[in-house]
Amino acid sequence: MRHINPVYKRELKQTARMKKTLVMLLVYNLLLACFGLLVFYLMFDRDGRISNRVEYSGILTLYTVMSILEFGMVLLIVPAVTAGAVAGEREKQTLDLLLSTKVSPLQIVIGKLAASISMVILLAVSSLPVLAIVFSIGGITLFDMANFLIFIIVTAIYIGSFGIFFSVCCKRVTVATVCSYSTMIVLVILLPILLYAVEFAEVFRKIGYTSFTALSRCISGKRALLLLFNPPVSFISVIKNQAGRGGNVMASIGSEGGVFYFLSKHWDIVSLLCQLLVAIVLIGISAHKLNPLAKSRKRA
Amino acid sequence: MIKIRNLRKVYGDIPALCGLTMEIGSCELFGFVGPNGAGKTTTMKIIAGLLRADSGEILIDGERVTVHAKKLKGEIGYVPDFFGVYDNLKVQEYMEFYASLYGMSGRETRKRTEELLGMLNMTEWREEMVDSLSRGMKQKLCVARALVNNPKLLVLDEPASGMEPKYRRQLKELLQQLCAEGKTILISSHNLQELSEMCTNIGVIDKGRLLMQGNVQEILQEQTISNPYVLQYIRFPEEAMALLKSHALVKNIAIRENSLSFPFTGTREEAAALLSGLVAAGAEISSFFREEGSLEKLFLEVTT
C-alpha cells in the first residue's frame, strides 16, 4: 500500500464514503438490470410465446445495447468527474497545500485521473453480473468482455485526460466542466458531422447531385484518419469485432484499400493507441501547467 | 538560512515585489510585518515553492528554491492564510495523508501524527471529521499538518487570525518551543503586539520593499530611547515648570490635563536628578516614566 499514489488513495477513500457513490452504483445497476431483463423477456420469453420461435442471435443485440449504455455512461460521467478534479482542489484551497509538499504535479494529475477512472471502472465492473445475462445463451465470450472492459478503461483515460487538462487550466469547476463537455461534443458529435459534410460536398461537386448512395457513403480518404480520435467509431469497431454490428462504417474506411484496409481491420487497437497517445500528451501538459515553478511563456 | 536577493514579482500591471532583499538566520522566529498588499504572502509563496518570481532568487541553506524545489519542499512546512480541508476525512487521516505526501511510512506516520496531535492538544479530536471542526481547531490542525514532515523551516502566513485567545497563546508557546528546538520560523501577522512578544527578529515590508529589519528587542529599545517622558502630577507649581523649561536636556513640553510629556535625551541618572529637583520645587508627582516602544507605533511610523 505504501507505493500507491497518495492522492489516488485519498480520493478513493473520500469517494467511497460519499453517499452519492452508493446511490450512483445502485441506480446505474438497477437501470441496467431492468433494461437487460426487459429486453431478455421481450426477445426470448414473449417472442417464444407469440411466434413459437426464438431468435438466439438476438442476444448479440442485447449485448450491443448494454455496451452502448456502458459506453454512454463513460461519455457522460468522465468529463464531469475529471473536470472537477484539480479545479475542485483549487476552489477548496487545498491545491497549494498539495503543491507545497514533495508530491510532484505529475503524481497529482495521475492520482486525480486514476481516481476519476476508478469510479467508471467500479461502475463497469459492478455491472458485469448484469452483462453476464448474455452468457446465458452464448455468442459472447469472457475474452470479448475483457476486451470491452479494456476499451472502456482506455476511453475513460482518453476522455478523462481532456477533463483533467481543463481542470488544470480553468480556475472554476463550472468553467472546466463546460469546456470538457464542449470538447466531448466536438470530438464525439461535431467531428464526424463535419467530416461527413465535407465528404457530402465533395460528392456533390464531383457528380453534380447527391443521392442516397452518396449519403450512405461514409467518410473516406485521409480525413478518415481523424476518426481514430473519435471514441464512438472505436466503439463501433470493437462491437463489430465482437457482435458483428456496425460493419458498414469500417467497411467504408477499408474500401480505400492499402493502409486504410489495414486500419479498418485493426481500427480498435490503432484508435485506442492513438487515443492513449493523446491522453499521455495531455497528462504531460497538465502536469507542466500545474507546476508552479515551471517557466511560463506569458511573462508580465 | 534564507537569503532573498532582489526579488521581483508583478501581477499583470501591479508590482507585488520590487527588489526585495532580506536575510533570515537559522533558529530565528522572524515576524514579517506589513500592510495588506505589501507583498508578504507573495514572498512566502515564493519561499514555499508555490510561485515563481519574475527575477531575483531565494536561497535556503545555500540552495536555490527554483532548482532544488523537491528537496527543499521536504524541509519546509507551509501554513497559508486559509485552511484548506477535505470533506469526508478524519483528523488522523488528514494528517496521515499529508505524511504520505512526504513519502513517510505507515508506522512513522502514525507515530508523528500522535506526537503532533498531542503537542497541539488535539488527540481527543483524532476521530472527528475535519470539516466538522471549529475554525480555531482547523487552524491548529493546519499548523500540525505543516509540522508533519518535521521541517527545518516553517512558513506561517497569518496562522492565528480568527483564533480564540487560548489557542493563540498555545500557538505562541508552541512556536517559541519549536524555535528553541532549532527550527527557523517565518510568521506574518497583523497582531503586532503578539509578534513583538513572540519573535526574535522582524522585518517590515511595504509596497514590495523591505523598510527595516532587525532584532525585536533592539528595535523596541531604540524606539523607547527616542520616546518622550510622561509626567503625571497632582500639583505642579510655577517654580517646577520654570525649572523644567530651563533644563538643558528637556525640549518641547506638551501640556495636558494633569500630565506633561517631553523628549528627554539624558541618562536614567539625569532623569532621576530632574525628578528630585521638581519635587524639591514643590511638585507633587504621581508618576514619571518613559513611554514604552511598541511595534505598532513603529509600524505606523515606518509605513506612513
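The values are calculated or read from the model by the stated rules, or taken from the named source; none is laboratory data. If you're wondering where the values come from, they're calculated on a predicted model, not measured in any experiment. Neighbour counts are summed over all protein chains in view; Cβ atoms, including those assigned to glycine, are modelled from backbone coordinates with ideal geometry. Side chains included, ligands, DNA and RNA excluded: accessible areas come from the protein's heavy atoms. Shrake-Rupley method; radii C 1.70, N 1.55, O 1.52, S 1.80 Å.
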For chain B, set up a Gaussian network in which alpha carbons nearer than 10 Å are linked by springs, and say which option among B:HIS247, B:HIS190, B:HIS68 fluctuates the most.
-> B:HIS247
Under the definition of Cα pairs under 8 Å and six or more residues apart, what whole-number percent is the relative contact order of the range B:162-304?
-> 27
Based on the Kirkwood radius over alpha-carbon pairs, what is the Stokes-Einstein translational diffusion coefficient of the protein assembly as shown at 10 °C with 1.306 mPa s viscosity, in µm²/s?
-> 54
Mean-position separation - Cα centroids, the range A:128-166 and the range B:162-192, in angstrom = 55
Cα extents of chain B along the three principal axes, largest first (Å) | 79, 46, 32
For the range B:275-304 and the range B:91-156, distance of Cα centres in Å = 47
Within the range B:168-208, whose backbone N sits under 20 Å from a point 7 Å along Cα→Cβ of B:GLU23?
-> B:183-187, B:200-205
Which value in deg cm²/dmol, rounded to the nearest 500, describes the helix-derived mean residue ellipticity at 222 nm for the protein assembly as shown, given -39,500 (n - 2.57) per DSSP H run of n ≥ 4 and division by the residue count?
-> -17500 deg cm²/dmol
Accessible-area order (highest first, 1.4 angstrom probe) of the listed residues A:TRP267, B:TRP125 = B:TRP125, A:TRP267
With every protein chain kept in the model, how would you rank A:MET119, A:MET24 by accessible area, 1.4 Å probe, largest at the top?
-> A:MET24, A:MET119
Heavy-atom accessible area per residue of the protein assembly as shown, all protein chains kept, 1.4 Å probe, expressed in Å², is 48
Cα-Cα over 19 Å: which of B:LYS70/B:LYS207; A:LYS171/A:LYS289; A:LYS289/B:LYS3; A:LYS102/A:LYS289?
-> B:LYS70/B:LYS207; A:LYS289/B:LYS3
Efficiency of FRET from Cβ geometry, B:GLU257 and B:LYS70, R₀ 56 Å, rounded to 0.05 = 0.30
With the convex hull built on the alpha-carbon atoms of the range B:152-274, volume per residue in Å³ sits at 187
Any idea how far apart B:ARG135 and B:SER286 come out in nm if each label point goes 7 Å out from Cα toward Cβ?
-> 3.9
Taking N as the number of residues in the range B:207-304, what is its alpha-carbon radius of gyration divided by 2.2 N^0.38 Å?
-> 1.28
For the pair A:LEU194 and A:PHE262, what calculated FRET efficiency results from E = 1/(1 + (r/R0)^6), where r is the Cβ-Cβ distance and R0 = 25 Å, to the nearest 0.05?
-> 0.50
Simple label model, 7 Å out from Cα along Cβ direction - B:THR123 to B:THR224, nm | 4.0
Size of electric dipole in the range A:6-290: Cβ of Lys, Arg +1 and of Asp, Glu -1, about Cα centre, debye, nearest 20 = 620
Could you list which residues have their amide H under 5 Å from that of B:ILE205, counting only those 5 or more apart in sequence or on another chain, with H placed in the peptide plane?
-> B:VAL33, B:GLY34, B:LEU211
Which shape class, rounded, prolate or oblate, goes with the range B:234-275 when its Cα gyration tensor gives a ≥ b ≥ c as root eigenvalues, a/c under 1.5 marks rounded, and past that a/b bigger than b/c marks prolate?
-> prolate
Subtract the Cα-Cα distance of A:ILE121 and A:ASN29 from 0.36 nm times their separation in residues, and report this length gain in nm to one decimal.
-> 31.8 nm
Output the antiparallel fraction of DSSP beta bridges having both residues in the protein assembly as shown, as a percent to the nearest 5.
-> 70
Along each of the three principal axes of the Cα atoms of the range A:6-290, give the extent in whole Å, ordering the values from largest to smallest.
-> 65, 53, 29
Check: C-alpha center the range A:64-110 vs C-alpha center the range B:13-90, spacing in Å is 28
Taking both sides together, what accessible area is buried at the B/A interface, probe 1.4 Å, expressed in Å² and rounded to the nearest 100?
-> 2900
So if we plug the beta-carbon distance of B:TYR11 and A:ALA80 into 1/(1 + (r/R0)^6) with R0 = 30 Å, what FRET efficiency do we get, rounded to 0.05?
-> 0.40
Using only atoms on other chains, find how many Cβ atoms lie within 10 Å of each Cβ of peptide B:84-97 and report the average.
-> 4
